[in-house]
Amino acid sequence: MKPLLIAVLVAAPSVALAQYPATPPPAEPLSPARFPPFQQTVLANGLKLVVVENHSQPVLSISLTLPAGSVTDPTGKEGLANMAAQLLTKGAGERSAEQISAAIEGVGGTLAADAGSDFLTINADVLSPQAQLAFDLLADVAVRPNFPAAELELIKTQTLSALQLELSQPVALASRFFLSQVYGTHPYARRPTPASTGAITREDLLAFQRRRLRPGGGLLVIAGDITLARARSLVTSAFRGWTGRAPAAAPFPRVPVRTAPSIVLVHRPGSAQSNIVVGNTTFGPADPQYYAARVANQILGGGPDSRLFLNLREQKGWTYGAYSRLDRPKGVGTFQATAEVRTEVTDSALTELLRQMTNLGFTPLPDSELAGARSALVGSFPLTLETATQVAGAVAQARLLGLPSDYLQKYRTRLSAVTAAQVRAASRVVMQTRTPLIVVVGDASRVYDKLSAIAPVSLFSPDGAPLDPAALTTRTIALDLDLAQLIPARDSFVVTMQGKPMGFQRTELTKSANGFEFREETRIASLMQQTTTVEMAGDASVRTVAQTGKTQGTDTHINISYAEGRVTGDALVSARPEFRQLTIDTMVTSGTLDDNVVQALLPALHWARDASWTLSVFSAGQNATQTMTLAVTGVETVQVPAGTFEVYRAQMTGGPATIYFMITTEAPHRLVKVSLVGVPLEFLLAR
């Protein structure tokens, strides 16, 4: 190589370094956020009007918010405000639900209503040339809703189905118990139940609209391609004759003051995971500590780079994710830190979560961590104000929560000014690690003793009933079966998905000198097909299970034997998103059932209106024994393709999904319907 070329190559790095700085330049000082000009006025009927002008695009977003949230629900009618919101657009003025939908969708717009804790909001988004139509529709649904009986029944059915699913999910149970305990008798604690939903009538909805949907105290925010004069003219015309103010809310009870840590443990037998919520009440929405608390929350559990996520997931491998959040209603808010962890590490995960919360309030905060959290919050804020809809929502929220008039403009600069000392102080205020409320939803029989070493534990069933810890000691007793009810029978079920036939299930029970044989064949479209044969002894105890099938085209099987207190064999099963090959060799206690035989034995149980059973059930698919509860929840009449029957409705919990069985009240008992909570499948007796 020539000396000159060598010299050039050696010198090149120093030339590059001379031309480009080694470190990035410092960031420019933050300036207040630039908002389109907005104007506000109060109309003659008491409605506050805010117009945010932006003529860059021909779009318009309208947000009408009224103080008619769930805090106004009468006792025993929880869910009224939310149901009213869902029904406002289902018929109003001279238009039916279909006509309202056709009118707004025909111009490429949207119209929807929603009720939160404090407010009910109706939103409309349209192109600005369609402003007249948007205001006409908005006025109809707010002032002249019809609440059609047919739409009410449909919404009630959908709500009850959603509640059924919600109450079967551990994360929803944890949230309900947390709010109930942290707020006490405050209306923020209340949530809809199947009973309160069923109690709501059309007369309740009409009375709610007359009393609560009034302009006085309401807020109308219009953002986009419009002027104040034009907006005022449209609003005055559309809402002509709408007057009055909603009655003042009664003073809310004070939230409980906590003086010591406590654990609320919700017993969910057989849960493979525990859902943990740790938190407490905080302060009102305008408290000046909010900015520092926001940064503290970001550091602790605001995302995948937060302390909880990095520690509990990345380092420990105990969970798929751990997060925290600040809720900011009109009244007293809450702080919550959450994680879903494996049952066996519940106490360890809770201890580590509490340690991370404590450290944030009492140990030095690295400059880099503080800067990263502030930058994440400051940098993401403009993304929340990109559209007219977002601007309208942000302006409405600031006004409704009573925040300073310059809140949105100075939000970023106030966040960027938060210091490490302020973060530590705010952490101590909002996280209150010396007196936290802790809610755990999981298998209490496996975690009760360990949690009791952390803080006093109160034990509850998922429906809120207090439990005696002695009930956690499960004594497996063989079911008292009426073997005379196990008569030879063939049944055929049609499998439906959202009411449409998708397949079939055929079952056959035969009896021999050696015992019983139960055979089941199921086909559900192209999703699944399986054939199962269960051999039972004369006392209905399981001897062998042989199952073959396909799940989404992949072969599956189960081959197991029960003998001398053990179950042995192998299985290839679907464990979404993959398949698992299992070798099974484990002890089972006397009286344990196989999950494939439960359906066959249902007719032999001693059925009554208040009957309930505790079942020890082995599942080869999970290679584990679970404690399940089967309980009669009512008597009703059900119609299926095979006819109309009076049935016991029985709920089985503790397994992967909550299952409802409907079995005839008359002997010989016959299963006529099966449904799974959260899965839109039903098995209906066809013949």
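Which of the residues belonging to the stretch 184-213 are buried (at least 21 other Cβ atoms within 10 Å of the Cβ) and within 16 Å of G331 (Cβ to Cβ)?
Once the filter is applied, which keeps residues that are buried (at least 21 other Cβ atoms within 10 Å of the Cβ) and within 16 Å of G331 (Cβ to Cβ), the stretch 184-213 yields only Y188.
Of the residues in the stretch 395-414, how many are in contact with a strand residue (DSSP E or B) (Cβ under 9 Å, 6 or more places away or on another chain) and either over 17 Å from G69 (Cα atoms) or basic (K, R) (or both)?
Going through the stretch 395-414 one residue at a time, the tally reaches 2.
So the check is Cβ under 7 Å with 6+ separation or different chains; which pairs have a first residue in the stretch 64-77 that's more than 13 Å from L88 (Cβ to Cβ) and a second one that's small (G, A, S) and part of a strand (DSSP E or B)?
Taking only residues 6 or more apart or on different chains, the pairs are G69/A115; S70/A115.
Here are some residues: L582, L601. Which one is at pLDDT 85 or above, of a type in the set (A, V, I, L, M, F, W, C) and crowded, with 20+ Cβ neighbours inside 10 Å?
Of the residues listed, the single one that is at pLDDT 85 or above, of a type in the set (A, V, I, L, M, F, W, C) and crowded, with 20+ Cβ neighbours inside 10 Å is L601.
Do you know which residues across the stretch 305-320 are small (G, A, S) and either in a strand (DSSP E or B) or open to solvent by less than 10 Å² (accessible area, probe 1.4 Å) (or both)?
S306
Residues A604, A608, A571: which one is within 30 Å of D482 (Cα to Cα) and in contact with a Leu (Cβ under 6 Å, 6 or more places away or on another chain)? Before you say what the answer is, go through the steps one by one.
Details: A608 fails: in contact with a Leu (Cβ under 6 Å, 6 or more places away or on another chain); A571 fails: within 30 Å of D482 (Cα to Cα).
Going through A604, A608, A571 in turn, the sole match is A604.
So A249 fits all but one of (1) part of a helix (DSSP H, G or I); (2) open to solvent by 30 Å² or more (accessible area, probe 1.4 Å); what number is the exception?
(1)
Just one of L167, L173, L163 is at pLDDT below 95, hydrophobic (A, V, I, L, M, F, W, C), open to solvent by 40 Å² or more (accessible area, probe 1.4 Å) and out of contact with any Cys (no Cβ under 8 Å at 6 or more places or on another chain); which is it?
Only one candidate qualifies: L167.
When the stretch 138-165 is examined, which residues are found to be without any contact (Cβ under 8 Å) to a residue 40 or more places away in the chain and among the aliphatic types (A, V, I, L, M)?
Scanning the stretch 138-165 gives A150, L154, L160, A162, L163.
I need a count of the residues in the stretch 124-142 that are among the acidic types (D, E) and either open to solvent by less than 10 Å² (accessible area, probe 1.4 Å) or under 11 Å from E105 (Cα atoms) (or both).
1
Identify, please: which residue in the stretch 540-553 is out of contact with any strand residue (DSSP E or B) (no Cβ under 6 Å at 6 or more places or on another chain) and more than 14 Å from D594 (Cβ to Cβ) and is, among those, most open to solvent (accessible area, probe 1.4 Å)?
The qualifying residue most open to solvent (accessible area, probe 1.4 Å) is Q552.
Do you know which residues across the stretch 138-194 are out of contact with any helix residue (DSSP H, G or I) (no Cβ under 8 Å at 6 or more places or on another chain), within 26 Å of T658 (Cβ to Cβ) and not in a helix (DSSP H, G or I)?
Passing the criteria: S168, Q169.
Being part of a helix (DSSP H, G or I) and of a type in the set (V, I, T) is the requirement here; does I62 meet it? Outline the logic, then answer.
Numbers: part of a helix (DSSP H, G or I): no; of a type in the set (V, I, T): yes.
No; evaluated as a whole, the condition is false for this residue.
Select from the stretch 462-479 the residues that are surrounded by 13 or more Cβ atoms within 10 Å (Cβ to Cβ) and either of a type in the set (A, V, I, L, M, F, W, C) or modelled with pLDDT under 85 (or both) and list them in ascending order.
Correct list: P462, L467, A471, L472, T476, A478, L479.
Would you kindly identify the strands (runs of 3 or more DSSP E) lying entirely within the stretch 563-676 that contain at least 1 residues that are β-branched (V, I, T), under 29 Å from the mean Cα position of the chain (by Cα) and over 22 Å from M528 (Cα atoms)?
612-619, 624-640, 643-653
Can you find, within the stretch 494-509, the residue that is least open to solvent (accessible area, probe 1.4 Å) among those that are free of Cβ contacts under 8 Å to residues at least 60 places away in the same chain and closer than 23 Å to P668 by Cβ?
The qualifying residue least open to solvent (accessible area, probe 1.4 Å) is E508.
For the stretch 238-290, name all the residues that are polar (S, T, N, Q) and out of contact with any Leu (no Cβ under 8 Å at 6 or more places or on another chain).
Scanning the stretch 238-290 gives T243, T259, S271, Q273, S274, T281, Q289.
Tell me which of these Y323 doesn't satisfy, since it passes every other one: (1) more than 24 Å from G402 (Cβ to Cβ); (2) in contact (Cβ under 8 Å) with a residue 40 or more places away in the chain; (3) touching a Gly at 6+ places or on another chain (Cβ under 6 Å).
The one condition Y323 does not meet is (2).
Hey, does the stretch 321-328 have a residue that's open to solvent by 40 Å² or more (accessible area, probe 1.4 Å), in contact with a Leu (Cβ under 9 Å, 6 or more places away or on another chain), part of a loop (DSSP other than H, G, I, E, B) and of a type outside the set (G, A, S)?
Yes; the residues of the stretch 321-328 include at least one that is open to solvent by 40 Å² or more (accessible area, probe 1.4 Å), in contact with a Leu (Cβ under 9 Å, 6 or more places away or on another chain), part of a loop (DSSP other than H, G, I, E, B) and of a type outside the set (G, A, S).
Right, T338: buried (at least 16 other Cβ atoms within 10 Å of the Cβ), assigned to a helix (DSSP H, G or I) and within 24 Å of the chain's Cα centre (by Cα) or not?
Numbers: buried (at least 16 other Cβ atoms within 10 Å of the Cβ): yes; assigned to a helix (DSSP H, G or I): no; within 24 Å of the chain's Cα centre (by Cα): yes.
Criteria not met by T338.
Those residues that are assigned to a helix (DSSP H, G or I), crowded, with 19+ Cβ neighbours inside 10 Å and more than 27 Å from the chain's Cα centre (by Cα), I need them from the stretch 349-369; list them, please. So that I can check it myself, show each step before the final result.
Taking the stretch 349-369 as the starting set, the residues that turn out to be assigned to a helix (DSSP H, G or I) are 349-362, 367-369.
Then drop every residue that is not crowded, with 19+ Cβ neighbours inside 10 Å, which leaves 349-350, 352-354, 356-357, 360-361.
The answer is L360, G361.
Exactly one condition in (1) of a type in the set (S, T, Y); (2) in contact with a strand residue (DSSP E or B) (Cβ under 8 Å, 6 or more places away or on another chain); (3) open to solvent by 20 Å² or more (accessible area, probe 1.4 Å); (4) modelled with pLDDT under 95 is false for S590; which is it?
Every listed condition holds for S590 apart from (2).
So how many residues does the stretch 491-536 have that are more than 26 Å from Q639 (Cα to Cα) and not in a strand (DSSP E or B)?
So the answer is 4.
Taking the criterion of being of a type outside the set (V, I, T) and buried (at least 18 other Cβ atoms within 10 Å of the Cβ), would at least one residue in the stretch 630-641 satisfy it?
Yes, the stretch 630-641 contains at least one residue that is of a type outside the set (V, I, T) and buried (at least 18 other Cβ atoms within 10 Å of the Cβ).
Give me the residue from the stretch 385-408 that is polar (S, T, N, Q) and modelled with pLDDT under 90 and, out of that set, surrounded by the most Cβ atoms within 10 Å (Cβ to Cβ). Break it down stepwise before answering.
In the first step, residues of the stretch 385-408 are kept if they are polar (S, T, N, Q); the result is 387, 389-390, 397, 405.
Adding the requirement that they be modelled with pLDDT under 90 leaves 387, 389, 405.
Working: T387: 16, T389: 19, S405: 10.
Checked the stretch 385-408; the qualifying residue surrounded by the most Cβ atoms within 10 Å (Cβ to Cβ) is T389.
The values are calculated or read from the model by the stated rules, or taken from the named source; none is laboratory data. All of these numbers come straight from a predicted model, not from anything done at the bench. Note that we place each Cβ from the backbone using ideal geometry, even for glycine, and neighbour counts take in every protein chain shown. Only protein heavy atoms, including side chains, enter the accessible area calculation; ligands, DNA and RNA are left aside. Shrake-Rupley method; radii C 1.70, N 1.55, O 1.52, S 1.80 Å.
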